[in-house]
């Protein structure tokens, strides 16, 4: 088992898990440039990656620890680092859904899924993979709200909170021509959800192409 | 040779082989979320992965050993783990075909191949890769039965058994908008078959697109 | 530098180079199942992989050494292994072109390039990557002969020899709905050619789609 | 953290960084065959890879060090190696933009982006990833000049210099049916820019397909 797999299998060193998941986000094309991100909650605190850095290269000492109001509890040694621009969005999933982790992906599949969908809801049904989202069967309709993108990521936070409240069954919120926020009750569920939603978005785009 | 390749090259530690193949299933996109799976038979017993876990992170001590009636002979230390929902499907391939291993893939190529096919049979011919399926030449028609998906994976078992009996030349059964079950006389043959069928499904989808 | 990169960088242990290139062939999707292959020549002998095995798992002791008439000089310890079905095709590139290595790929891009081309020649021009094929400028027309596929790989050999003689500027021969044979003056040139041809075939398929 | 990640995280050994980034260029499909390249500047000198070699296999001792007029300060031990054909193009980005690194990619996404664009400018707007290019917001129009390709890479240099002067906001120049040159204030910015532009080119091609 390679060292990264071993970190995830053990799963108790949450700072190390954040870093390993960031490496996988980048490898999957979900965090190109310095985009995308992840946060993991540990009780009433959460770890977040810094903003504007290469996500596949971060180490545990680069992370911020914050409380669930967003106050910084611990900061990286490097004083130039600032918390991820997604932090306020992560907090909504923690507070409104009791999520244990949130993944923000810039996957091209998520982006294209919003481009083929008019209106504010992505909908799909009858895919086995939908069973991978908590609370859903394969023939249930999977509904993901789509927010319109804005200039500053932090300004998405109120709309994200509204969508989380309006769609109690969702574990993800899409952002038009931008990407997706996905969460779960712990980081394992968030990782599984992120993989399943990505598959579903890709499937939707391919099925859309084949149907034209 | 990396440690994973060495496990497969040696090939005698079947518990380790199950884990290494699970890692490759995940890397290939065939086991996103906690989907997909594999079982390897060792005489009158078989190893199966647990249900609902990240397939790329399992270790030999997580596996169940079952007999060919599905009775558990050995269970993981972790009492929370349950056998894969595919277990009864794997058993049909063992009992009806004397298979040595079965791979269940959620590959998007397999899923799309069922989406472009109306009716209950996927058919293709004149692809060199078809020679990679035991008993087939390149210009033979490769026929793969397609089952309609159902709510619970275990409820697919009777239809799978019927399809295995009705299509004696097949080494795979597709499930609509779900994925595919592939087997072979041993795990090496099952792995090769799984790669060949996946190529063929991708080729069929691409050729379909180019022909429209 | 990882061990595989170090083997290629040094490049003198040709048996180890064959094995490392086989691993990369498989990773690239050019040797799914047990398809594809490679041979490297060392003066008046050549190394070839065995037939019907998982190409990413072979080790130096699995290789055959043959002379340029195809006579076996050294064989693997495992008596069950037989020489690759491509051997007679590899020999034509050695004898007619003084090639130093030949790569046989089942890349889906090569296969699709033959599917969008009617007639016996693949032609493309005005791609910078064409400069990567010895003797070609970017605006030269790259012409690759296409053979019709046959039931047994060895029966392709006479047509391959004819194509090699008829197209003195080519370093590759395509086979319809099958794949491609690519060579170069040594294994480094064959590897570079194989990557360039694969890019060109993919580009041709994508440009064809975009032009419709 | 694997050794390649550790080299980039530390980031101070620029010769090692050039080699590690070349490996990643190749893995991403941006340097197939012996194409693509990278240069990193260190004050008034710059490191460049040799021409016509497998970019994923180079080592620090293979690099040239040049001054910003292109004069060779240090050369590899191997006397057969010559400087990359892109060297004069890299120098324009250093001198006209004070870039700290330049990446030349043969990515098929960049090539296809030039194929779907008539005229001499690639334009796109309203993609979150555009924020990843210095000086741009998500709804700003990202404009990348496109040069027509020429027979010899060095003959692109005057047109590249003109484009750099004519488009002061760009950090990239495309070359028709060839690829892209991307730079940044240091190698980290150049790497991030290269990943973002590649995402944007892929997105443009996919959105073009979906809109037809």
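The values are calculated or read from the model by the stated rules, or taken from the named source; none is laboratory data. All figures in this text were calculated on a predicted structure; none of them were measured in a lab. Glycine also receives a Cβ, built like all others from the backbone with ideal geometry; neighbour counts cover every protein chain displayed.
Can you pull out every residue in the range A:117-127 that is surrounded by fewer than 22 Cβ atoms within 10 Å (Cβ to Cβ) and in contact with a strand residue (DSSP E or B) (Cβ under 9 Å, 6 or more places away or on another chain)? Write out each step before concluding.
Residues of the range A:117-127 surrounded by fewer than 22 Cβ atoms within 10 Å (Cβ to Cβ): A:117-121, A:123-126.
Within the range A:117-127, A:117, A:119, A:120, A:121, A:123, A:124, A:125 qualify.
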Does residue A:163 qualify as being under 12 Å from the mean Cα position of the chain (by Cα), in a helix (DSSP H, G or I), at pLDDT 95 or above and at negative phi? no
Filter the range B:137-146 for residues that are buried (at least 19 other Cβ atoms within 10 Å of the Cβ) and within 18 Å of the chain's Cα centre (by Cα) and give the result. B:142, B:144, B:145, B:146
Identify all residues within the range A:25-43 that are within 21 Å of residue A:183 (Cβ to Cβ) and either facing another protein chain (nearest Cβ under 8 Å) or in contact (Cβ under 8 Å) with a residue 40 or more places away in the chain (or both); write none if there are none. A:25, A:28, A:29, A:30, A:31, A:35, A:36, A:37, A:38, A:39, A:40, A:41
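Within the range D:44-64, does at least one residue satisfy the condition of being farther than 27 Å from residue D:79 by Cβ, away from chain C (no Cβ under 12 Å) and surrounded by fewer than 24 Cβ atoms within 10 Å (Cβ to Cβ)?
So in the range D:44-64, the residues farther than 27 Å from residue D:79 by Cβ come out as none.
No.
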Residues being in a helix (DSSP H, G or I) and surrounded by fewer than 19 Cβ atoms within 10 Å (Cβ to Cβ) - total across the range C:25-37: 1
Can you tell me which residue is nearest to the chain's Cα centre (by Cα) among those in the range D:174-212 that are in a strand (DSSP E or B) and more than 14 Å from chain C (Cβ to nearest Cβ)? D:182
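Just checking, how many residues over the range A:10-24 are part of a loop (DSSP other than H, G, I, E, B) and in contact (Cβ under 8 Å) with a residue 60 or more places away in the chain? Give the steps one after another, and end with the answer.
Let us first name the residues in the range A:10-24 that are part of a loop (DSSP other than H, G, I, E, B), namely A:11-13.
Filter again for in contact (Cβ under 8 Å) with a residue 60 or more places away in the chain, leaving A:11.
Result for the range A:10-24: 1.
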Being more than 13 Å from chain D (Cβ to nearest Cβ) and touching a strand residue (DSSP E or B) at 6+ places or on another chain (Cβ under 8 Å) is the filter; apply it to the range A:154-164 and report the residue that is nearest to residue A:96 (Cα to Cα). A:164
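Name the strands (runs of 3 or more DSSP E) wholly within the range C:38-129 that hold at least 2 residues that are modelled with pLDDT of 95 or more and within 17 Å of the chain's Cα centre (by Cα)?
Working: elements: C:45-48, C:64-67, C:72-74, C:101-105, C:121-124.
The qualifying strands (runs of 3 or more DSSP E) are C:45-48, C:101-105.
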Can you tell me which residue among D:169, D:151, D:134 is part of a loop (DSSP other than H, G, I, E, B), within 14 Å of chain C (Cβ to nearest Cβ) and surrounded by fewer than 17 Cβ atoms within 10 Å (Cβ to Cβ)? D:151
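Can you find a residue that is over 25 Å from residue C:133 (Cβ atoms) and within 14 Å of chain C (Cβ to nearest Cβ) anywhere in the range D:68-85? Steps first, please.
Filtering the range D:68-85 for residues over 25 Å from residue C:133 (Cβ atoms) gives D:68-77, D:79.
Still in the running and within 14 Å of chain C (Cβ to nearest Cβ): D:76-77.
Yes: the range D:68-85 contains one or more residues that are over 25 Å from residue C:133 (Cβ atoms) and within 14 Å of chain C (Cβ to nearest Cβ).
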Of all residues in the range D:1-19, how many are crowded, with 23+ Cβ neighbours inside 10 Å and at the interface with chain C (Cβ under 10 Å from one of its Cβ atoms)? 1
May I ask you to list pairs of residues, at least six apart or on different chains, whose Cβ atoms are under 6 Å apart, with the first in the range D:120-145 being more than 14 Å from residue D:168 (Cα to Cα) and the second being exposed (fewer than 15 other Cβ atoms within 10 Å of the Cβ) and modelled with pLDDT under 95? D:137/A:151
